[in-house]
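Here, each number is a calculation from the coordinates, and none is a lab measurement. Not measured: the values here are computed from a predicted model. Cβ atoms come from the backbone with ideal geometry, glycine included; neighbour counts cover every protein chain shown.
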4 protein chains.
Amino acid sequence: MFNSFGHLFRFTTWGESHGPAIGCVVDGVPPGIKLSEADIQPWLDRRKPGQSKFTTQRKEEDKVEILSGVFEGLTTGTPISLIIHNMDARSKSYDDIKDKYRPAHADYTYDQKYGIRDYRGGGRASARETAMRVAAGAIARKILGKKVVIRAALVQMGEHAINRKNWDWKEINTNPFFCPDAQAAALWEKYLGGIRKAGSSVGAVIEVMAEGIPAGLGEPVYSKLDSDLAAAMMSINAVKGVEIGAGFASAAMRGEQNADVMRMKGNKVTFDTNHAGGILGGISSGQPVVVRFAVKPTSSVLIPIPTVDVHGKNTEIITKGRHDPCVGIRAVPVGEAMMACVLADHLLLQRARVPGFKL
Amino acid sequence: MFNSFGHLFRFTTWGESHGPAIGCVVDGVPPGIKLSEADIQPWLDRRKPGQSKFTTQRKEEDKVEILSGVFEGLTTGTPISLIIHNMDARSKSYDDIKDKYRPAHADYTYDQKYGIRDYRGGGRASARETAMRVAAGAIARKILGKKVVIRAALVQMGEHAINRKNWDWKEINTNPFFCPDAQAAALWEKYLGGIRKAGSSVGAVIEVMAEGIPAGLGEPVYSKLDSDLAAAMMSINAVKGVEIGAGFASAAMRGEQNADVMRMKGNKVTFDTNHAGGILGGISSGQPVVVRFAVKPTSSVLIPIPTVDVHGKNTEIITKGRHDPCVGIRAVPVGEAMMACVLADHLLLQRARVPGFKL
Amino acid sequence: MFNSFGHLFRFTTWGESHGPAIGCVVDGVPPGIKLSEADIQPWLDRRKPGQSKFTTQRKEEDKVEILSGVFEGLTTGTPISLIIHNMDARSKSYDDIKDKYRPAHADYTYDQKYGIRDYRGGGRASARETAMRVAAGAIARKILGKKVVIRAALVQMGEHAINRKNWDWKEINTNPFFCPDAQAAALWEKYLGGIRKAGSSVGAVIEVMAEGIPAGLGEPVYSKLDSDLAAAMMSINAVKGVEIGAGFASAAMRGEQNADVMRMKGNKVTFDTNHAGGILGGISSGQPVVVRFAVKPTSSVLIPIPTVDVHGKNTEIITKGRHDPCVGIRAVPVGEAMMACVLADHLLLQRARVPGFKL
Amino acid sequence: MFNSFGHLFRFTTWGESHGPAIGCVVDGVPPGIKLSEADIQPWLDRRKPGQSKFTTQRKEEDKVEILSGVFEGLTTGTPISLIIHNMDARSKSYDDIKDKYRPAHADYTYDQKYGIRDYRGGGRASARETAMRVAAGAIARKILGKKVVIRAALVQMGEHAINRKNWDWKEINTNPFFCPDAQAAALWEKYLGGIRKAGSSVGAVIEVMAEGIPAGLGEPVYSKLDSDLAAAMMSINAVKGVEIGAGFASAAMRGEQNADVMRMKGNKVTFDTNHAGGILGGISSGQPVVVRFAVKPTSSVLIPIPTVDVHGKNTEIITKGRHDPCVGIRAVPVGEAMMACVLADHLLLQRARVPGFKL
């Protein structure tokens, strides 16, 4: 039950980095939705490694196949099984980590928990698992429909945050960082180039925004919309922090300053600001839903780090494989996907409760 | 199912701020544990309102009663029902908010979701619900036993953070803020006094730490220990951000800097630092588990804020009731309780998997 | 999590036979439904002990109180907490069973499972728990509305089955057995009188029928409507068998004989027979849903039965308390309630999937 | 979530009869268990169609592949993905049922529920899905270990029950019916031959027994061992009834007669009879766990049956495909598998509660 996510829209992922395949089973998809591999593949392609020199050079086509749940082009309401065969799983390059625990990786804790671990490429703990989240997210988007727009951007790389005044969604597809600020993107290009050459890595902050979500989604009090989003984002590899709307900054605010003033515009309720990130009392307010999460730098660096081995000896490790100088970049489509999955799930839940509910 | 928290150790809360009572049912408690009201009441007393001028003056005894699941002083493995009767529920003082939506509160979203709302004192959205989390947390602590120490502190009030060099756990019980830094506490006393007199409010950051947790707790990949902790903390009223270990700060770090270097001390694995907050790959590493969360300032202030009413008219609101200038203070025992519940739950899960597993 | 039943309409029961109270929390009730104690009490009264000489003489008023989730007479969508205070819990009369295991009761297995047991009146294993199922069922009926009619009848007592040709629903309220066959009821009166006087007990079969259920409820393949109904009925105390429609009799049939022939009547699909009990492939077909379950005779008899005690000694036991010569009688309203709960739950599930779905 | 079964040991199945493949994901398997395809295949082979003239002549190799969760021959604690590619999916032979609803099949109800249906070979409602239950059951057996023996037998075919005095477990592998009574098997051979030639079909009763289960498994009150077993068996295609131990026969018994007398044998508790089927109060008693279930005759017969078509016209149907004259035969290994899955699940649950618990 712990490799499944969601309540009614619920997906289960399986597979290891260097096994024969990875996959997921998506349950709870309403019937009658047009769906083919062509609806899923473009989202996977955005996450695909090896698209620029700034992401791992592992060559994976990440070609998704639908094995069930779709008949004559339409979903049938039965579980949709998706599979991606692993192509470029050079096991050799990971032989070094068989006996050494990479600091800041899950090697040590998997061994402590299970007493056994598939050490090849991180096994189940590999970021490769997130490909299936992106696939599930593509199906979630089909449930939400075109009125809902979910987009994400990298808003901080290492110590360099974007200038929010420069925010332009069109920019995110014109640079290899999903950066909405052209100036920041230019700076990052050099910055990350240097980090890559130094064999180092750096963290990042991603912001995900969903527009077109009406008020009413979210289940108080233990499946609040923000609570489910926090779990969703925190479950992504390397994520160490999640915040909604003003987030941690709201701790420094006064009540009258943090409150989003409500005003009528015609017969519509509007808000002057969005410190709440579109969620009040765990329920969507009709404003854009805004989530931000922090990704730590991977510790797979070419710089030797002291560590211990499985035999209880001190040693040091250099992780040579093909890795990302900023794993945060590829987390952008993953964050979008998790947002889509949470929203689709809560849409179904709200429909169950209020028969006439529509997006 | 949405008023329940946990997998095997699982509690369900019920009740509104101004109803006859609030309560919870705690399921999954192992049999044979000594338990009486005296094990629960002290934790509730720490959260109780009206203990200083800095928390709401609502007078609630918050006297807990055990209604089931305990026989001759021992848990029987059957569900433990807890109840607290509401005493001081002056409905009158809330009449004003019947028709007006308090900005930054759940009034508007409950109405949008359910089409109906118990407006008295926030109804189900009231922070009063958190009393039952503290009660459940007290039982979770009994499952974890005395080797596990869970403590929390207020580490930032408004724009004033503590100086971590002054950290002294003994201080947290000597000031009304659960502040571990005596100097900061002195400063806050004046600072919050001013805010209170101005009829304003301010946010806060709480840090929760669990010591004595062995490596191996946490279920990859969708009930990772950090993922469940994020959901737990984000489900607390007014929380807008959650981070683990270095959290958002890790975004600005380099890989070699963020990695917690591992070293053998005798035959024990140790770590030089704890940027990971005791969790790697979603599994506890044996280091202290460290979670931080941000609480927004309540918008229940004596300063008029523009808003709309249920009839779709612009208006403004002053929330007169008895409120907290810094709700973050009372969130400290709640954060501890949620940490205890998550850990007890994962202890049971790990036992299921590894028969000999012990704390 | 194991004292909860249902997916979206989900209730959690708590309490022991001789504790201060029993209760339940009903989660997932849609908002805006008129509800008061008066909607629940009549169903409880039907199950209440002591109504005739044929049920236990324990005197319980079973007065239900609503503690949350209802505001100004309407459900709010938040959890509904129900409580019944235990009145007539004469602990003395159970002192004898403290040390002896009653055969066919749960005494021995509770001790084996938990190492501890509240022996007073069966503790958690007492049929008293079923009062809360009836209460939850009353709320489920409100969700289903008046178009859905759920009724149950005792169709076999001991070796005496009813004659189905005499079936008249009006009869069930005119005899103390919920018997739809006046002739059988007359026979049973004498039959059960004899059993009662002999200090013995006897089993029974109950049939539950739900009319007005449209086609489309049930979730293949592991929450099929019949699968959930089977779990629901088998979880009732003393139930040893469950069947749908023709049930075990279908094993002896030929395919062409068992198939319910489908015919158009105007533009409506009709069936000539209902061997399927209204469920095909786990999904309701629009025919009445028919479930039957067998209740074993309680072994609480005044006839000495050989057994063992907690010290591992052979002994014998006479259970003197106040008991039911045919516990099956009081299982009739419980079976109805569980049917209502399963159907309300599946109605919500189907609504989530098909937005326009209506009863 | 509705294509998943189990609490901690939990499997999710996917796939349609005539899609490219079927599969399942088994989550919650403890680490360190030896597992390869060779542990699963023999169980699948027992269920495989086409082994005698008495089961469908569809030729399926049903070759299972493990895609994840096993490393160097041992389970790793991560999800185990299993796949079987569909080979002999002659879609043509099902063209006739595209427009006509087969009575007693799920055709009509799937259309009513989902508004769409994969009509080829029953789609998701096909008994083909049960292959994956058998595969999951094989893994469950590995968790239970060799002390637990789970066996099943056909005890009634049509109107012909076995003579229980002739019961010999060794017989079940010497006839094509899993029949433990050599005389009955001989009779059935002729009987079913006649039914097959007549193009008809017949129902059956299967009995499943688990030996070596200690007292203590089962979670009162809504995941009682019998409640979970009832759900498990009722979810199998074509099952219409489930009973535990004496089952429906207990309705006709007296309390003193139905009670299984308890006696000490040395320092071990024993029972004179097993009317309870090894379960008291929903918890295993240490006796063999005995479940029986009834399978209806398939209505896929060569005899024309009146029905309606998707256009709302009366018509009749002859189902020509390759079918089973007694589907109950192939349900025998499926019943065993579901028993194994329920027991493995409850073993893990009990371990979580009682740290030292062992089989």
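Counting neighbouring Cβ atoms within 10 Å and putting the fewest first, the residues A:THR270, D:THR174 line up as D:THR174, A:THR270.
Counted by Cβ distance under 11 Å from B:ASP181, the other residues give a net charge of 0, where Lys and Arg count +1 and Asp and Glu count -1.
Label-point spacing for C:LYS320 across the identical copies (point 7 Å from Cα in the Cβ direction), in nm and ascending order: 6.5, 7.6, 8.4.
With N counted as the residues of the protein assembly as shown, its alpha-carbon radius of gyration over 2.2 N^0.38 Å works out to 0.90.
Among C:GLY115, C:PRO304, C:ILE206, which residue has its Cα positioned farthest towards the positive end of the charge dipole of chain C, with +1 placed on the Cβ of Lys and Arg, -1 on the Cβ of Asp and Glu, and the dipole taken about the Cα centre? Final value for the positive-end residue is C:ILE206. Counting Cβ atoms of other protein chains within 10 Å of each Cβ in C:67-74 and taking the mean gives 6. Of the DSSP H helices in chain B, those with a Cα length along their own long axis of 24 Å or more and a mean Kyte-Doolittle hydropathy reaching -1.0 comprise B:328-353. Here the 3J(HN,Hα) profile of segment C:209-214, calculated from phi with Karplus coefficients 6.51, -1.76 and 1.60 at θ = phi - 60°, is 10, 10, 10, x, 8, x Hz, Gly and Pro shown as x.
Residues whose amide H comes within less than 5 Å of that of A:GLU316, counting only those at least five positions distant or on another chain, are A:THR307 (H built at 1.01 Å from N in the peptide plane). Label zone (B:TRP169, point 7 Å along Cα-to-C-beta; backbone nitrogen cut-off 19 Å) within segment B:319-359: B:332-344, B:359. Computed about the Cα centre, the dipole magnitude for segment D:217-257 is approximately 140 debye when only Lys and Arg (+1) and Asp and Glu (-1) carry charge, each at its Cβ. Highest mean packing first, where packing is the average number of other Cβ atoms within 10 Å per residue, the peptides D:341-353, A:336-348 line up as A:336-348, D:341-353.
Kirkwood hydrodynamic radius computed over segment B:215-359 comes to 18.1 Å, based on all pairs of distinct alpha carbons. Computed with the Debye formula from one identical point scatterer per Cα of segment B:1-140, without solvent, the log10 of I(q)/I(0) at q = 0.09, 0.11 Å⁻¹ comes to -0.31, -0.45.
Comparing A:GLY137, A:GLY121, A:GLY247 in a Gaussian network model of chain A (Cα springs below 10 Å), the most mobile by mean-square fluctuation is A:GLY247. Phi angles across segment B:309-315 convert, under the Karplus curve 6.51 cos²θ - 1.76 cosθ + 1.60 with θ = phi - 60°, into 3J(HN,Hα) values of 10, 5, 9, x, 10, 5, 7 Hz, Gly and Pro given as x. Using θ = phi - 60° in the Karplus curve 6.51 cos²θ - 1.76 cosθ + 1.60, the 3J(HN,Hα) couplings for segment A:283-288 round to 10, 4, 9, x, 7, x Hz; x is entered for Gly and Pro. With contacts taken as Cα pairs under 8 Å at a separation of at least 6 residues, segment D:240-359 carries a relative contact order of 18 percent. The chymotrypsin sites (Phe, Trp or Tyr not before Pro) of segment B:215-308 include none that meets both criteria, a DSSP state outside H, G, I, E and B (loop) and at most 14 other C-beta atoms within 10 angstrom of the site's C-beta.
Inter-label distance, A:THR273 to A:LYS63: 5.2 nm, where each label sits 7 Å from its Cα along the C-beta direction. Under 5 Å between amide hydrogens, built in the peptide plane, is the criterion, and for D:ILE279 it picks out D:SER285 among residues at least 5 positions away or on other chains.
Sorted shortest first, the distances from the D:PRO176 label point to those of the same residue in the other copies are 5.8, 6.5, 8.6 nm; each point sits 7 Å from Cα along Cα-to-Cβ. Take the Cβ atoms of A:ASP96 and A:GLU189, set R0 to 51 Å, and the FRET efficiency comes out at 0.95. Charging the Cβ of each Asp and Glu at -1 and of each Lys and Arg at +1, and nothing else, the dipole of the protein assembly as shown about its Cα centre rounds to 0 debye.
Over segment D:104-166, what portion of Cα pair distances is larger than 15 Å, expressed as a whole percent? Beyond 15 Å sits 70 percent of the P(r) for segment D:104-166. Cβ-to-Cβ counts within 10 Å put A:GLU60, C:GLU316, D:GLU219 in ascending order as C:GLU316, A:GLU60, D:GLU219, the fewest first. For A:ASP272, the point set 7 Å out from Cα toward Cβ sits 5.1, 7.5, 8.5 nm from its twins in the other copies, listed from shortest up. Just checking the listed ones, D:GLY199, D:GLY145, D:GLY312: in the Gaussian network model of chain D with Cα springs under 10 Å, the one fluctuating most is D:GLY312. Contact order, relative form, for chain A: 22 percent (alpha carbon pairs under 8 Å, 6 or more residues apart, mean separation divided by residue count).
From least to most packed, judged by other beta carbons within 10 angstrom and beginning with the fewest, A:ASP96, A:ASP118 follow the order A:ASP96, A:ASP118. Taken over chain C, the ratio of Cα radius of gyration to 2.2 N^0.38 Å equals 1.02. Largest mean-square fluctuation among D:ASP27, D:ASP39, D:ASP62, in a Gaussian network model of chain D whose springs join Cα atoms under 10 Å apart, belongs to D:ASP39. Normalised radius of gyration (Cα atoms, divided by 2.2 N^0.38 Å) for segment B:229-302: 1.40.
Remark: mean inter-chain Cβ contacts per residue of C:268-277 equal 3, using a 10 Å Cβ-Cβ cutoff to other protein chain atoms.
Students often get this wrong: which residues of segment A:320-355 have the backbone nitrogen under 13 Å from the point 7 angstrom along Cα-to-C-beta of A:HIS160? Hits in segment A:320-355 for A:HIS160 at 13 Å: A:326.
Peptide A:300-313 is shielded by partner chain Cβ atoms: per residue, an average of 4 of them sit within 10 Å of its Cβ.
Dipole size of chain C about its Cα centre, with +1 on Lys/Arg Cβ and -1 on Asp/Glu Cβ: approximately 340 debye, rounded to the nearest 20. Amide H contacts for C:PHE177 (H built 1.01 Å from N in the peptide plane; partners 5 or more residues away or on another chain; cut-off under 5 Å): none found.
If you take the beta carbon distance between C:LYS53 and C:MET87 as r and set R0 to 25 Å, what does 1/(1 + (r/R0)^6) give as a FRET efficiency, to the nearest 0.05? That gives a FRET efficiency of 0.75. Computed across segment D:128-271, the Kirkwood radius stands at 18.0 Å (inverse of mean 1/r, all Cα pairs).
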